[in-house]
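Asker: One structure follows; several queries about it will come next.
Any read-out appearing in this document is the output of simple, stated calculations on the displayed coordinates, not a laboratory observation. Since this is a predicted model, take the numbers as computed values, not measurements. Virtual Cβ from ideal backbone geometry, glycine too; neighbours counted across all protein chains shown.
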Amino acid sequence: MPPIRGAWLNRESGNLVIEEPVLVYTFIDPDAFAERLTEIVDLVQEIGLKTGQGQMAIEFNRTFYLIDIT
Amino acid sequence: MAQIRFVTGTKKSGRVVDTSTKVKALDPAVVRKAFNAKTAGSSTGMDLLAIRRAMQTMLQSSGGRPALEGVDERVKIPKIGSDWEKLEKLAHAAGDLKHKPSTGQMAAVVLHLGLMRISEEELKAAARKEFA
């Protein structure tokens with residue numbers, strides 16, 4: 001997908017971070033996804049840590065979720 | 001991977017119908033819990049953020065009382081009590097916008113967004129009474 005422009009508010013510093021995140025779309029097999037959900041959670045956390053993100057966003061079943069990177 | 005078979009619909013509508021076995025959907029609550037995630041919005045076009053954004057865009061003032069863009073006539077419609085309470089709360093929540101909406105204006109925007117989800121194709125099919 002082409003990059004989009006997004007903004008994220010850092011509540012600690014009050015700064016609005018404007019960036020061009022990359023969207024990745026995927027189609028899943030629900031059973032396989034549920035079976036390996038823990039690995040996917042770990043992967044999202046790992047990507048977030050390695051790229052220095054405060055939060056990562058996922059959209060699942062038309063709902064947008066924010067995940068704190070800890 | 002399950003095989004998906006498509007068959008053509010009625011000659012009238014020309015719609016394509018998916019007759020394959022429906023895959024069991026994964027509960028979003030399970031995903032939210034696993035990621036310890038916070039819900040931040042919806043892409044169905046009918047979340048609180050979308051309502052707020054639409055209200056901000058559509059509610060304009062030319063000096064007098066702010067009015068909704070595109071409104072050309074007022075009509076009376078039946079009011080369901082529980083819906084009205086919800087609309088009052090939505091209007092109250094949008095009270096910090098540049099122009100504070102009335103409950104009636106909020107009702108109009110919610111109806112507008114809801115109707116936007118029905119495509120012109122579906123409307124045409126409904127008019128032709130092609131829905132079973």
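Asker: Using a Förster radius of 35 Å, what is the FRET efficiency between B:Ile118 and B:Lys33 based on their Cβ-Cβ separation? Nearest 0.05, please. Numbers along the way, then the final one.
Answerer: Values: r = 33 Å, r/R0 = 0.95.
Efficiency for this residue pair is about 0.60.
Asker: Next up: Just how large is the dipole of the protein assembly as shown about the Cα centre, in debye to the nearest 20, putting +1 at every Lys and Arg Cβ and -1 at every Asp and Glu Cβ? Before the final figure, lay out the partial values.
Answerer: Numbers: 28 positive and 25 negative charges, 180 e Å.
In total the dipole reaches around 860 debye.
Asker: Can you list the HN-Hα couplings for the range B:80-89, worked out from phi with the Karplus curve (6.51, -1.76, 1.60; θ = phi - 60°), rounded to whole Hz and with x for Gly and Pro?
Answerer: 9, x, 5, 5, 5, 4, 5, 5, 4, 5
Asker: Taking θ as phi - 60°, what are the ³J(HN,Hα) couplings along the range B:64-76 by the Karplus curve (6.51, -1.76, 1.60), each to the nearest whole Hz, with x for Gly and Pro?
Answerer: x, 5, x, 10, 7, 4, x, 7, 10, 7, 9, 10, 9
Asker: Which value at 222 nm does the protein assembly as shown reach when only helices count, each DSSP H run of 4 or more adding -39,500 (n - 2.57), with the total divided by all residues and rounded to the nearest 500 deg cm²/dmol? Spell out each step's value before the answer.
Answerer: Details: 7 runs with 74 residues, N = 202.
Theoretical 222 nm ellipticity from helices: -11000 deg cm²/dmol.
Asker: How high is the FRET efficiency between B:Glu85 and A:Ile58 when r is their beta carbon distance and R₀ equals 41 Å, given to the nearest 0.05? Kindly include the intermediate steps, with their values, before the conclusion.
Answerer: Values: r = 33 Å, r/R0 = 0.80.
Efficiency, rounded to the nearest 0.05: 0.80.
Asker: Still on this structure, please answer the following. For every other residue with a beta carbon closer than 11 angstrom to the beta carbon of A:Gly54, add +1 if it is Lys or Arg and -1 if Asp or Glu, then tell me the sum. Working shown, then result.
Answerer: Details: positive: A:Arg11; negative: A:Glu12, A:Asp68.
Its environment carries a net charge of -1.
Asker: Could you pull out every one of the lysines with an alpha carbon less than 27 Å from that of B:Lys86, ignoring same-chain neighbours closer than 8 positions?
Answerer: Those lysines meeting the cut-off are B:Lys38, B:Lys76, B:Lys98, B:Lys100.
Asker: Roughly how far apart, in whole Å, are the Cα centres of the range B:82-132 and the range A:11-70?
Answerer: So the two Cα centres are separated by 31 Å.
Asker: Report, by chain and number, residues whose modeled amide H sits under 5 Å from the one on B:Ala40, excluding near sequence neighbours (fewer than 5 apart, same chain).
Answerer: When sequence neighbours closer than 5 places are left aside, the close amide H contacts are A:Phe64, A:Tyr65, A:Leu66.
Asker: Right, here's the next one. State, to one decimal in nm, how far the label point of B:His92 lies from the label point of B:Lys129, with both points 7 Å from Cα in the Cβ direction.
Answerer: Rounded to a tenth, the inter-label distance reads 4.6 nm.
Asker: Can you list, bin by bin at 10 Å, the percent of alpha carbon pairs in the range B:28-96, starting at 0?
Answerer: For the range B:28-96, the pair-distance distribution reads 15, 33, 34, 12, 6, 0.
Asker: When only Cα pairs under 8 Å and 6 or more residues apart are kept, what is the percent relative contact order across chain A?
Answerer: For chain A, the relative contact order is 19 percent.
Asker: Now, a different point. Give the Kirkwood hydrodynamic radius (Å, one decimal) of the protein assembly as shown, defined as one over the mean of 1/r across all pairs of different Cα atoms.
Answerer: Working: mean 1/r = 0.0471 Å⁻¹.
Value: 21.2 Å, from the Cα pair sum.
Asker: Same structure, new question: Any idea what angle helix A:37-50 forms with the longest principal axis of chain A, computed on alpha-carbon atoms, 0 to 90 degrees, nearest 10?
Answerer: Taking the Cα atoms of chain A, the angle to A:37-50 is about 30 degrees.
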